[in-house]
Amino acid sequence: MRLNELSPGTKAFVKKVHARGMISQRLRDFGFFPGVEVEVLRCSPLKDPVEFLVESNFISIRHEEAHCVEVTE
Amino acid sequence: MGNSAELVVALAGQPNCGKSTVFNMITGGRQHVANYPGVTVDIKEGVLSSEGTRIRVADLPGTYGLSSFSNEERVARDFILHQKPHLVVNVVDTSNIKRHLYLTLQLLEMGAPVMLNLNMTDVADARGVQVDPKVLGERLGIPVVTSIASQGKGKRELRQALKASSPSKPLVIPYGDLEPFIARLKEKLAQACPEWRFPLRWSAIKLLEQDESMLQELSLCGKEGEEVGELLLSLKKEFTEQHDEAPEEHIAFSRHLAAKELAQGCVITTKKTAKTLTDRIDSLVLNKALSLFWLAGVIYLLYELAIVKGYELTAYTWPYLAAFRSWVASLLPPAFFYSEPLFRALTLSVVDAVLSVLNYVPIFLILFACIAILEDSGYMPRMAFILDRLFRRFGLHGQSTLPLILGGVFVGGCAVPGVMATRVISDEQARLATILVVPLMNCMAKIPLYTLLVNVYFTDHKGLAMFFISTITIIVALMVAKILTLTVLRSKERSPFVMEMPPYHLPTLFGVGSRTVERTWLFVKKVGTIIMLVAIVIYGLTTFPGLSENERQGFESREQALKNSFLQEIEENPAGKPFMNDSSAIDALLTYWDSYQNGIKQVRSKEAKKAFLEEYRRKNPDFFAVVLPGRNTDAKAVQKAFKVLVSERGSLQRSYKEEVISSSLLGRLGILLEPVTRWAGFDWKVNVSLLSALAAKENTVATLGALYQPEEGQEGAALEERMSSQAKGFTQLHALALMIFMALYPPCIATLIMVRLEAGKNGTRWMLLSLIFPICLGFLFASGIFTLGSLFSLTGLQAMGIFYILALLGALIFSRIEPRDDTPLAEGR
């Protein structure tokens, strides 16, 4: 399952980041590592982007980028 | 730098760790503090001395890591590598220490002499996070100092610790399965490039991370470097095949584990707060139904405070500026009968230009204070979060919201702070697109022309016309942004949208105040000086080459005729005696009158007025009798004749000015352009006023005012009346075309300078583009409206409606176009 498929209020664990270069770098900077818990907080009023809570960091990501993160429940 | 009396200290840290506040605290200097990821792109320096030692403190840009993917990271890393600071103070947010240690580890790994500063311990306390600085210091082998910079706590300790040194032995992080690969690469590197100037292990790790700067270093090593490169490729391939994981992923994950382990060893979490205050605020502020309401409220408040209230404030400050102008005018050589000495005219036009900028200072103070509050509070990333999707459709970015608002999305903004605010946009393509469309917004200086035209030509539909003009600009700007991103900006770098939503902060008075003053001063300094130069140039262009001898003689004889009729009028009058035998007396009286008029305006109190009158009476009793005749009937008669003379002289002055402008270089250009601008319905007068508006748009109405002189019996009529009675052929359609052209008018000089500055590389080219494309686009639209409108004999209102619908449709179509090379960012890079 991918991160963009989760709905607000749910939690999941990062399994793998399927990306290279700058985007994977950015995701790692904010703590998207295997085994880390991610909580989906809310969608923007226009649906995209989405705000997540990752290890006490509030991060907003577009669907496009969230698609790169594989998660398990 | 190696001087023993001077030490260089660098401040490094992740965004939102309070680094800028720490910088302010230890240097006591003014510095930018923004609660927005990565605002400080330049390196700022402050100097402090401590017991005879000068310490230069450099504030590095906030970075999450030290790769070379982003500009900030490159800047920060290169500073540490090449400037070799005596100490690197790593500021961390104690409440979020695990993430911040991720950077600390990378700093230590590259062998930088690090001192750790555990900042924001108050926030950590509130969240129930306690860090033992002693344990942490021992485990890392470096000094650790705690502080609460927002309250000024820890200042002495930090300043003292700056002089001390720190071990610069690179930290070794265990990379597990990757270790043998690192060892092989390190060995090869040492052997192939003996002159290598960076720590070997660190370099090997960076190479395996695919670090661009390090790869570049390698390519400088010639043939041996290529061999290392080949080995690197095969090692990467081998590792990826063996472990189903790229080396850079493995490296980052190992660092993450190391930071986690480190944090576990020295952090005690006393309470588990389920929801932080920030999260609770966000659930209100970013609420689906309410968020747009809050956003509209914030925008409304911004306009109301800065533009409306700021404008009201200028009513109080303007008299001081006007007094300054009068004071300058009183020092200059007096005006001639119908013309002015060159020095006087030139100086006054420069003073006027500078004052027109200074007049905006109250607005800018409020505006910059509001921006600083928005930045520090943490609301800015929320604005981006709310509107990103809309803007992205047009190639812009959520972070384009603020620049567009400042530029004047509705009515009344200023492109200068708008362009300045684009700095925070992380996506290069969207940033340039925003810089280029911000000037299309409705800045304050465009409004006088709109008001003039709407009042004259859309008298019955004022509201509708203003609605049209305030919304059409954003519609067109979005389309233009999309066109730009599909064409000239196509190859510009795009960045993923991964944005931190920092915790809400209460802005501090010092932080907001100092930044407000700093930015306003920057604006005044930069813009003020340029405006002066431009005013001189525009003066030259609207004055030279001047009138021919013949034309001049015409004015001379009109002057003589006016004087003669004045003399005739007062011939028999005893009060007129002083003027009869002295030919220069009339000129002297006029000068006296001008300076009296100039002076009386400044008089505020009753006593001052008395003294002022006494002074003028003493200066010349005869003249005083003419100016203020009292009950003296003879003097009254002279006064009457004199008033006629003054008024006649006024029209002579104005027609002289018009004559000079129309025969000037700019006037000739306006006439020359007329055949082309006819398509848009602009005559040469409009052309000249538009050309002079290039310096500052405020000029448009002023120039039109000089060109539409009051006619017989129209003295004192407002420009509105003069235009509607004199510009007979000028219809509603003309007005609409002119308004559209003004809406898309190229940026003023001040904005152009900012565009050049903020666009970065090739700034001059972007500046020229932002000058030329609005002219073309505006002219295209204006001539389309005017020519087609005339062809189908539409009224201005009909043409307005049709244009609006077409623009909306166009925007809708453009929002649907997907960029061609829009490969999913993920796998694409």
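The values are calculated or read from the model by the stated rules, or taken from the named source; none is laboratory data. Bear in mind the structure is a predicted one, so any value in this text is a computation, not a measurement. Methodologically, a virtual Cβ is constructed for each residue, glycine included, from the backbone with ideal geometry; neighbour enumeration extends over all protein chains shown.
Out of A:Val50, A:Val36, report the one residue that is more than 7 Å from chain B (Cβ to nearest Cβ), of a type outside the set (Lys, Arg), surrounded by fewer than 23 Cβ atoms within 10 Å (Cβ to Cβ) and farther than 16 Å from B:Thr278 by Cβ.
Values: A:Val50 fails: surrounded by fewer than 23 Cβ atoms within 10 Å (Cβ to Cβ).
So the residue among A:Val50, A:Val36 that is more than 7 Å from chain B (Cβ to nearest Cβ), of a type outside the set (Lys, Arg), surrounded by fewer than 23 Cβ atoms within 10 Å (Cβ to Cβ) and farther than 16 Å from B:Thr278 by Cβ is A:Val36.
From the residues in the stretch B:61-79 that are assigned to a helix (DSSP H, G or I) and within 16 Å of B:Ile205 (Cβ to Cβ), which one is nearest to the other protein chains (Cβ to nearest Cβ)? Reasoning before the result, please.
Narrowing the stretch B:61-79 to residues assigned to a helix (DSSP H, G or I): B:71-79.
From the residues that got through so far, the ones that are within 16 Å of B:Ile205 (Cβ to Cβ) too are B:73, B:77.
Numbers: B:Glu73: 9, B:Arg77: 14 Å.
The qualifying residue nearest to the other protein chains (Cβ to nearest Cβ) is B:Glu73.
If you check every pair at least six apart or on different chains, which have Cβ atoms under 8 Å apart with a residue in the stretch B:97-125 that is more than 16 Å from B:Ser254 (Cβ to Cβ) and of a type in the set (D, E, K, R) first and a residue that is crowded, with 24+ Cβ neighbours inside 10 Å and at pLDDT 95 or above second?
none
Which residue pairs have Cβ atoms under 7 Å apart, sit 6 or more places apart or on different chains, and have a first residue in the stretch B:548-570 that is in contact (Cβ under 8 Å) with a residue 60 or more places away in the chain and a second that is of a type in the set (Val, Ile, Thr)?
Qualifying pairs under 7 Å: B:Lys563/B:Ile586; B:Phe566/B:Ile586; B:Ile570/B:Val638.
From the set of residues in the stretch B:810-829 that are more than 24 Å from B:His734 (Cα to Cα) and more than 14 Å from chain A (Cβ to nearest Cβ), which is modelled with the lowest pLDDT?
Let us first name the residues in the stretch B:810-829 that are more than 24 Å from B:His734 (Cα to Cα), namely B:811-829.
Among the residues that remain, those that are also more than 14 Å from chain A (Cβ to nearest Cβ) are: B:811-814, B:816-817, B:820-821.
On the way: B:Ala811: 93, B:Leu812: 93, B:Ile813: 93, B:Phe814: 91, B:Arg816: 89, B:Ile817: 87, B:Arg820: 64, B:Asp821: 56.
The extreme case among them is B:Asp821.
Is at least one residue of the stretch B:510-533 within 14 Å of chain A (Cβ to nearest Cβ) and among the charged types (D, E, K, R)? Before you say what the answer is, go through the steps one by one.
Start the filter on the stretch B:510-533 by keeping residues that are within 14 Å of chain A (Cβ to nearest Cβ), which leaves none.
No - not one qualifying residue is present in the stretch B:510-533.
Can you tell me how many residues in the stretch B:220-239 are assigned to a helix (DSSP H, G or I) and surrounded by 15 or more Cβ atoms within 10 Å (Cβ to Cβ)?
First, the residues of the stretch B:220-239 that are assigned to a helix (DSSP H, G or I): B:222-239.
Next cut, surrounded by 15 or more Cβ atoms within 10 Å (Cβ to Cβ) only: B:224-225, B:227-229, B:231-232, B:235-236, B:239.
Qualifying residue count for the region: 10.
Which of (1) within 22 Å of B:Ser339 (Cβ to Cβ); (2) surrounded by 12 or more Cβ atoms within 10 Å (Cβ to Cβ); (3) over 48 Å from the mean Cα position of the chain (by Cα) is the odd one out, the single condition B:Ser584 does not satisfy?
Status for B:Ser584: all satisfied but (2).
Scan the stretch B:251-262 for residues that are among the hydrophobic types (A, V, I, L, M, F, W, C) and crowded, with 18+ Cβ neighbours inside 10 Å and jot them down. Quick ask: steps written out before the conclusion?
Within the stretch B:251-262, the first condition is being among the hydrophobic types (A, V, I, L, M, F, W, C), and the residues that meet it are B:251-253, B:257-259, B:262.
Answer for the stretch B:251-262, where residues must be among the hydrophobic types (A, V, I, L, M, F, W, C) and crowded, with 18+ Cβ neighbours inside 10 Å: B:Ile251, B:Ala252, B:Phe253, B:Ala258, B:Ala259, B:Leu262.
From the list B:Pro503, B:Pro545, B:Pro578, B:Pro507, which one is touching a residue at least 24 places away in the same chain (Cβ under 8 Å) and in contact with a strand residue (DSSP E or B) (Cβ under 9 Å, 6 or more places away or on another chain)? Before you say what the answer is, go through the steps one by one.
Values: B:Pro545 fails: in contact with a strand residue (DSSP E or B) (Cβ under 9 Å, 6 or more places away or on another chain); B:Pro578 fails: in contact with a strand residue (DSSP E or B) (Cβ under 9 Å, 6 or more places away or on another chain); B:Pro507 fails: in contact with a strand residue (DSSP E or B) (Cβ under 9 Å, 6 or more places away or on another chain).
Every option except B:Pro503 fails the conditions.
Give the residue that is nearest to the other protein chains (Cβ to nearest Cβ), with candidates limited to residues of the stretch B:275-308 that are loosely packed, with under 14 Cβ neighbours inside 10 Å and of a type in the set (Phe, Trp, Tyr).
Taking the candidates together, the pick is B:Phe293.
Kindly establish whether B:Val123 is under 21 Å from B:Thr269 (Cβ atoms) and buried (at least 24 other Cβ atoms within 10 Å of the Cβ). Spell out how you get there, then give the answer.
Working: under 21 Å from B:Thr269 (Cβ atoms): yes; buried (at least 24 other Cβ atoms within 10 Å of the Cβ): no.
Here the answer is no, as B:Val123 does not meet what is asked.
When you go through (1) over 15 Å from B:Met214 (Cβ atoms); (2) of a type outside the set (Gly, Ala, Ser); (3) in contact (Cβ under 8 Å) with a residue 40 or more places away in the chain; (4) in a helix (DSSP H, G or I) one by one for B:Lys134, which number turns out not to apply?
(3)
Hey, can you tell me all the residues within the stretch B:741-787 that are crowded, with 16+ Cβ neighbours inside 10 Å and outside any helix (DSSP H, G or I)?
The answer is B:Leu744, B:Tyr745, B:Pro746, B:Pro747, B:Cys748.
If you go through the stretch A:57-67 one residue at a time, do you hit one that is part of a loop (DSSP other than H, G, I, E, B), within 7 Å of chain B (Cβ to nearest Cβ) and modelled with pLDDT under 90? If you could, list the steps in order and put the result at the bottom.
Within the stretch A:57-67, the first condition is being part of a loop (DSSP other than H, G, I, E, B), and the residues that meet it are A:62, A:67.
Those left that are additionally within 7 Å of chain B (Cβ to nearest Cβ): A:62, A:67.
Then keep just the ones that are modelled with pLDDT under 90; that gives none.
Scanning the stretch A:57-67 turns up no residue that is part of a loop (DSSP other than H, G, I, E, B), within 7 Å of chain B (Cβ to nearest Cβ) and modelled with pLDDT under 90.
Inside the stretch B:483-512, can you point out the residues that are out of contact with any Ser or Thr (no Cβ under 9 Å at 6 or more places or on another chain), in a helix (DSSP H, G or I) and surrounded by 16 or more Cβ atoms within 10 Å (Cβ to Cβ)?
Across the stretch B:483-512, the qualifying residues are B:Ile483, B:Leu484, B:Thr485, B:Val512.
Output the residue which, of all residues in the stretch B:123-162 that are basic (Lys, Arg) and at pLDDT 85 or above, is nearest to B:Val89 (Cα to Cα). Quick ask: steps written out before the conclusion?
Of the residues in the stretch B:123-162, the ones basic (Lys, Arg) are B:127, B:134, B:139, B:153, B:155-156, B:159.
If we keep only those that are at pLDDT 85 or above as well, we get B:134, B:139, B:153, B:155-156, B:159.
Details: B:Lys134: 17, B:Arg139: 17, B:Lys153: 16, B:Lys155: 13, B:Arg156: 15, B:Arg159: 11 Å.
By that ranking, first place goes to B:Arg159.
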